[in-house]
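Here is the structure we will look at.
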Amino acid sequence: MKLSTAPGTAKNAIAVVSVGGGGDASSRTPWHGWCFVKTPGTAACSKTRLAALCMLVVFVVGFVMLRPQILHGIAWRGSCVDRVSVADYVDAPNRMHFRGTSRRLPGCIIVGVRKCGTRAMLNFLKVHPKVQAASGEVHFFDNDDKYNLGLDWYRKHMPFSFPGQITLEKSPAYFITDGVPERIYSMNNQTKIIVLVRDPTTRAISDYTQIMANKFARNKSVKLFETLAINEYGEVNTSYKAIRIGLYYRHLERRSSPENRYASSMETTLSETLSRS
């Protein structure tokens, strides 16, 4: 970019901003760039360009400020796509949502198991237009402090959804925490439960790797996996959490009771899965 002045008196000087290219400004047309200085015979053109630039700036600023209100959304209702007008938008804290939507308690929960692909499963299910998933792990049923805040608090952490859509939540710690099945059942005895399992050995190694990476990031020392997984007697150290989580049958035993549909159905499903592996 170069600012040049054409020959002439100071009163009638021509100021031209040239963009790109080389050469002397006197060898180029005066309007190779934008001209913002009043010059003989070119005042009208300069004003026109300046007005156009101002209108463009006003349009861009207005669009950015009013974007949430002027854009039309596309809402999934069943398998149909409906065009939603500006009037269908409703303000909500920190996000927009469509009129007719509300926060609902989850109809389906991924309860575990940690390092068995729960995040991948959540992302796959979110692709379906009838599924709305919570953005993070809420840990409502395995945390007494959060649970004591009540279902209204839990509902506020769920996404907005249309009637007919399924609200989904994922917290892998639910599988290994006592009392969670009863709490979920008391919220809604029709809640669907998803449990993913994996070979216990590879699951434990994956768990250890993640913990090790987090400790490295904080400059903390890390023990070898063999040191943690094998006790002094040469046996599997079932007190090591990465190993303990993979003892699926132990977590199911604590939940087995005639009235506990959550545990009994999960036990049947896991037994069938493990028998085929």
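The values are calculated or read from the model by the stated rules, or taken from the named source; none is laboratory data. Since this is a predicted model, take the numbers as computed values, not measurements. In this analysis, Cβ positions are derived from the backbone assuming ideal geometry, glycine residues included, and neighbour counts consider all displayed protein chains. Ligands, DNA and RNA are stripped out before the accessible areas are found, and what is left, the full protein with its side chains, is counted by its heavy atoms. Shrake-Rupley method; radii C 1.70, N 1.55, O 1.52, S 1.80 Å.
State whether the residues of the range 201-217 include one that is surrounded by fewer than 12 Cβ atoms within 10 Å (Cβ to Cβ) and aromatic (Phe, Trp, Tyr).
Yes; the residues of the range 201-217 include at least one that is surrounded by fewer than 12 Cβ atoms within 10 Å (Cβ to Cβ) and aromatic (Phe, Trp, Tyr).
Here are Ile166, Ile184: which of them is open to solvent by less than 10 Å² (accessible area, probe 1.4 Å) and among the β-branched types (Val, Ile, Thr)? Before the answer, list the steps.
Numbers: Ile166 fails: open to solvent by less than 10 Å² (accessible area, probe 1.4 Å).
Testing whether each residue is open to solvent by less than 10 Å² (accessible area, probe 1.4 Å) and among the β-branched types (Val, Ile, Thr) leaves just Ile184.
Any idea which residue in the range 187-200 is farthest from Asn237 (Cα to Cα), counting only those that are open to solvent by less than 50 Å² (accessible area, probe 1.4 Å) and in a strand (DSSP E or B)? Let's see the steps before the verdict.
Looking only at the range 187-200, we keep the residues that are open to solvent by less than 50 Å² (accessible area, probe 1.4 Å), and these are 187, 191, 194-197.
Next, from what is left, pick out any that are in a strand (DSSP E or B): 194-195.
Numbers: Ile194: 28, Val195: 24 Å.
Ranking the qualifying residues of the range 187-200, first place goes to Ile194.
Would you pick out the residues in the range 100-153 that are touching a residue at least 40 places away in the same chain (Cβ under 8 Å), of a type in the set (Val, Ile, Thr) and more than 22 Å from Val197 (Cβ to Cβ)?
If the condition is that a residue be touching a residue at least 40 places away in the same chain (Cβ under 8 Å), of a type in the set (Val, Ile, Thr) and more than 22 Å from Val197 (Cβ to Cβ), then Thr101 is the only one that fits.
Among the residues of the range 39-66, count how many are β-branched (Val, Ile, Thr) and modelled with pLDDT of 70 or more.
So the count comes out to 5.
Limited to the range 146-159, what total is found for residues that are open to solvent by less than 30 Å² (accessible area, probe 1.4 Å) and either of a type in the set (Gly, Ala, Ser) or not in a helix (DSSP H, G or I) (or both)? So that I can check it myself, show each step before the final result.
We begin by selecting, within the range 146-159, every residue open to solvent by less than 30 Å² (accessible area, probe 1.4 Å); these are 150, 154, 158-159.
Applying the additional criterion that residues be either of a type in the set (Gly, Ala, Ser) or not in a helix (DSSP H, G or I) (or both) yields 150, 158-159.
Number of matching residues: 3.
Pairs under 9 Å by beta carbon, first residue in contact (Cβ under 8 Å) with a residue 60 or more places away in the chain and closer than 15 Å to Arg254 by Cα in the range 163-185, partner among the charged types (D, E, K, R) and open to solvent by less than 20 Å² (accessible area, probe 1.4 Å), six or more apart or different chains?
Asp178/Arg255; Val180/Arg255; Pro181/Arg255; Glu182/Arg255
Out of Asp178, Asp199, report the one residue that is at pLDDT 95 or above and not polar (S, T, N, Q). Give the derivation first.
Numbers: Asp178 fails: at pLDDT 95 or above.
Sole residue among the options that is at pLDDT 95 or above and not polar (S, T, N, Q): Asp199.
Test of understanding: among Ile184, Ile211, Ile193, which residue is under 25 Å from the mean Cα position of the chain (by Cα) and farther than 29 Å from Thr101 by Cβ? Quick ask: steps written out before the conclusion?
On the way: Ile184 fails: farther than 29 Å from Thr101 by Cβ; Ile193 fails: farther than 29 Å from Thr101 by Cβ.
Exactly one of Ile184, Ile211, Ile193 is under 25 Å from the mean Cα position of the chain (by Cα) and farther than 29 Å from Thr101 by Cβ, namely Ile211.
Does any residue of the range 107-120 turn out to be touching a His at 6+ places or on another chain (Cβ under 7 Å) and open to solvent by less than 60 Å² (accessible area, probe 1.4 Å)? Step through it out loud before you land on a result.
The first filter runs over the range 107-120 and keeps only residues touching a His at 6+ places or on another chain (Cβ under 7 Å), leaving none.
The answer is no; no qualifying residue exists.
Is one or more of the residues making up the range 135-143 of a type in the set (Gly, Ala, Ser), at pLDDT below 95 and open to solvent by 80 Å² or more (accessible area, probe 1.4 Å)?
The answer is yes, given that some residue of the range 135-143 is of a type in the set (Gly, Ala, Ser), at pLDDT below 95 and open to solvent by 80 Å² or more (accessible area, probe 1.4 Å).
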